Amino acid sequence: MNFSELFKLTGLLSRFSPNGKCLASCVQYRLVVRDVSTLQVLQLYTCLDQIQHIEWSSDSLFILCAMYKRGIVQVWSLEQPDWHCKIDEGSAGLVASCWSPDGRHILNTTEFHLRITVWSLCTKSVSYIKYPKACQQGIAFTKDGRYMAVAERRDCKDFVSIFVCSDWQLLRHFDTETQDLFGIEWAPNGCVLAVWDTCLEYKILLYSLDGRLLSTYRAYEWSLGIKSIAWSPSSQFLAIGSYDEKVRILNHVTWKKITEFEHPTTIANTKTIVYKEVEKSPSAETERLSLPPSRASASSWFSTQSKYDISQVPVSLHHIKPVADRANPKIGVGMLAFSADNCFLATKNDNIPNAVWIWDIQKLKLFVVLEQLSAIQSFQWDPRQPRLALCTGNSKVYLWSPAGCVSVQVPMEGDFQIVSLSWHSSGDSMALLSKDNFCVCYLEREEV
Amino acid sequence: PVCVAMGDWKTVTVPVLPSDGKNIFQYTSERRISSPGMNSQVLRLPLPSSKSMHTFFSAFCTEENIEQSLSYLDRELTTLGFPSIFAEPRGRELNLISVINCMNELLVLQHKNLRAQEEVEMQHLKLGSDMDHLQNCYAKLKEQLELSKREIVGLQERDRQLQTKNRNLHQLLKNEKDEVQKLQNIISSRATQYNHDMKRKEREYNKLKERLHQLVMNKKDKKIAMEVLNYVGRADGKRGAWRTDKTEARNEEEMYKVLLSDFEQRQKQLLVENAELKKVLQQMKKEIISLLPPQKQKPKERSEDGPVLSDLEEDIGELNKENMWELSCETVREQLTNSIRKQWRMLKNHVEKLDNQVSRVHSGALNDKDVISREDHELETEKLELEIQQCKEMIKTQQQLLQQQLMSPCDDDTTLLLQDCYLLEEKERLQEEWRLFREQKKNFEKERRSFTEAAIRLGLERKAFEEDRGAWLKQQFLSMSTDYKHSESVTTPSAFLGSKYWFKLCPDQDNRLAKSASRQRKPHCLSSPLSAESWQQTPQSITNNSAASTPPARDSKPNQWEESEGEETE
């Protein structure tokens, strides 16, 4: 594994371009576009204010930079660096901004979710979508970019509108039987839309593309419900993580639960492999000690190496008891992700914050548990192969694949606490982001 | 002298004093006691000592009152049924004979009484001990009863406690359940309340939003605008189109196309899966049919269901043949699954039967010879494993020794010596055996030569004999031979002769072989090609000679020996 040097970054705004050639990153109000393989600066753009959000257009030709405080979105072109575009929402304010799938329209959500404005870069037309729902995932595009589903709320009732992205025509508009819609997500095949309710109510509804209700699933009543969901890449399974620390898998044929995955604090099954991160004592290479100690060696003294040990089952995991009288407790399955080949599901139970659970979907059983020394910040699957990268807020990046797992120390001077990572679309490299910096890690083909 | 009152013999109780020879006696009796033997009261009459006897006797009758005592005695005796002691009724002369008789009678009576008394005392003792024993038993049983009663009371107490505990727990459970129900009710009521409040707040919020929206729209803020250098072409290069009904329809069409293609894809997948599964089922069915014992089940089934089943089976047969199973119509599917189920049931029954058989064989006697019981099998396997282990260990040790030998570092001379010393013994033995071998070989050669000579001789002699025989026959024939019996007896002498000749050879052979120091095993029957039955007595075997080769592993050789001999006997 090779690591690039550290570059400055603000707001964890670092994105690979969809075609995999460029990497955009933000430093305060500047947007830096680099080449992925050499990390040379290709373009440098300056925006009017501190950038809060950047997004590449689908054809990798444009980047939008949204500045919520000023209510401005600026769009830059890679082909023509002197092309500029500025969208000012003015007093309407701006809380969210995103591209349409064709890369030529920008959807701005104004403050208080008053409306969604669809600005076109090709024509002078502007469209408005009224009464958008103020929820986490209110807009969802199908994978092929043809349709867009928008969650709306009128008269204390939830609705979903399906638009055709090519001409923004309203295709379907239907109400949903939710108390307070929390999120919507298309299945990867673009034919089913999952709509789920607030965590006070465990309810998930599945609608077909033409607006028919296919199925409703409720696991239980009264206790806190759905925390996160994930579709499998083949659209065969829908994984629902809930506050009762379980993941329920629905199948696409009957939309009924086929299995439940539990996340207990003690793992007793002997067939599960548990990797525990342990600290290796720093190798005291006394022969190489030199005075005054160089910066590199100094940092390596203080950063402890770690490796994975296989723990013998039964294993008791470190868990925390969440505060009982606060909202949004740190309990339940908060992170879910399917691997790209549909074979594995990685989950994190928020009250066992140091562990990642990897489930074998072919056997519907727990496969591996990775127990780290600190809380998991984020994990992401390699887009090409069943390889999981995760970070826990220290300067190490951890990789797991069915062949084994490895803990890699990023050889950086000073503090580099990785809180987020993102894979390149080819699976050959990934960006490691910390609060102030980022670096790119290049993986060799034979790695892990 | 103690004056005893005559006539009225009342009870006299005399205080007991330590018996030191004085005339003390303890006598309690009543006048009514007359029959000897049955005494309801303790009658103890210690026989007084001789001394006291005298005093006793002198106490009753003295010289003065002889007549009185006599008359008294007479009265007593007559009342007791004895004859009078006087000669005459009121005379004074004693009938001595009757007195003696009376005395004798009295003695006999006394003896009888004593015996009776002894018996009674014995019985009394027995009864006393029985009584003691019974009393002990009674006491023990009473104790036991007490204990059991106490135990019962204790257990009852515990039972009662447990029951109360159980009741308490049930009550607690009920309470908890009630509480849970109550809490649920509370939750639901609170939820509705919150929902209601939420709705209210949301309406207010919506109103605010509307107001704000109006304000924002009304302001017609010039700021809400997009500034762009130049408009960009569409991603797909086409021009923008107006939104019309046609486009609407087209969009609808597109959507349905997408859905349909998805359905079609899924259906294709399902068809493929179905076909595969059907294939698998067919295969399974065939295999199950092949596993089952052939025809036993079918006639039974046939008889049950009669013609209907055969029709179905025929149909299925047809279908199978023509691969009509690719049709997915309802009936075909049902038939397939039904037939699979039937076959599977039959297979299950078969397996269960086999299981029962096996378990019966297990528990009962081993009737089948080729069915080895599990224990035997396990014992065998254990034995074999042990053997394997031992062999392995042996191999290991041998290897080690070999290794040692090869690896032992020492200078050339010592190694040579050492090597030699290990093999010296072997060499000597080898030489010895070679010697033996050569000897035996020589002997063997000699014997062979003698055999050949003997054979030649035999041949010659036979020839001569034949000639003699021919001559003799001619003689016989010429001299009117009508006696056929002779002709029979002619053939047999040759056999005997032959054997005689062979027998003659053997003793020589014996001697020669006895000289060699070859290892001689138990007597062995020689299988001679000529006449096997007559050789039972020969003690030697020619195979002895072949044993001269030196065996490297001496231990195994005897076995070989035994075996080879054994083989040859059969």
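Quick one: which of A:Lys227/B:Lys182; B:Lys246/B:Lys268; B:Lys174/B:Lys201 span more than 29 angstrom between C-alpha atoms?
The pairs that break the limit, which is 29 Å between Cα atoms, are B:Lys246/B:Lys268; B:Lys174/B:Lys201.
Quick one: length gained pulling B:Arg469 to B:Asn274 fully straight, 0.36 nm per residue minus the C-alpha distance?
This chain segment gains 60.4 nm when fully extended.
What three numbers, in Å, describe the spread of the alpha carbons of the stretch A:90-188 along their principal axes, ordered from the longest?
39, 35, 19
At a 10 Å Cβ-Cβ cut-off, how would you order B:Leu141, B:Leu458, fewest neighbours first?
Ascending Cβ contact count within 10 Å gives the list B:Leu141, B:Leu458.
For A:Ile204, A:Ile418, which order do you get if you count the other beta carbons within 10 Å of each Cβ and list the fewest first?
Going from sparsest to densest Cβ surroundings: A:Ile204, A:Ile418.
Mind jotting down the three principal axis lengths of the stretch A:394-448 based on Cα atoms? Whole angstrom, largest first.
Principal extents (largest minus smallest coordinate, Cα): 31, 22, 16 Å.
Cα-Cα over 18 Å: which of A:Lys246/A:Lys330; A:Lys246/B:Lys177; A:Lys276/A:Lys348?
A:Lys246/B:Lys177
Taking every Cα atom in the stretch A:140-262, find the radius of gyration and the maximum pairwise distance Dmax, and write them in Å.
Cα radius of gyration and Dmax of the stretch A:140-262 are 14.0, 45 Å respectively.
Ranked by Cβ crowding within 10 angstrom, fewest neighbours first, how are B:Ile100, A:Ile129 ordered?
B:Ile100, A:Ile129
Please report the equivalent ellipsoid semi-axes of the stretch B:63-103, computed as sqrt(5 x eigenvalue) of the Cα gyration tensor, largest first, in whole Å.
Three semi-axes, in Å: 15, 11, 10.
So what's the Cα pair-distance distribution over the stretch B:81-240, bin width 10 Å, in %?
Final binned percentages: 7, 9, 8, 8, 7, 7, 7, 6, 6, 5, 5, 4, 4, 4, 3, 3, 3, 3, 1.
Taking chain A on its own, what percent of its Cα-Cα pair distances exceed 41 Å?
Distances greater than 41 Å cover 20 percent of the Cα pairs.
Could you work out Rg/(2.2 N^0.38 Å) for the stretch A:29-160, with Rg from alpha carbons only?
1.10
The numbers here are math on the coordinates, done by the rules we state, and not lab data. Source: prediction; values computed, not measured. Quick reminder, even Gly has a Cβ in these numbers, built from the backbone with ideal geometry, and neighbours come from all protein chains shown.
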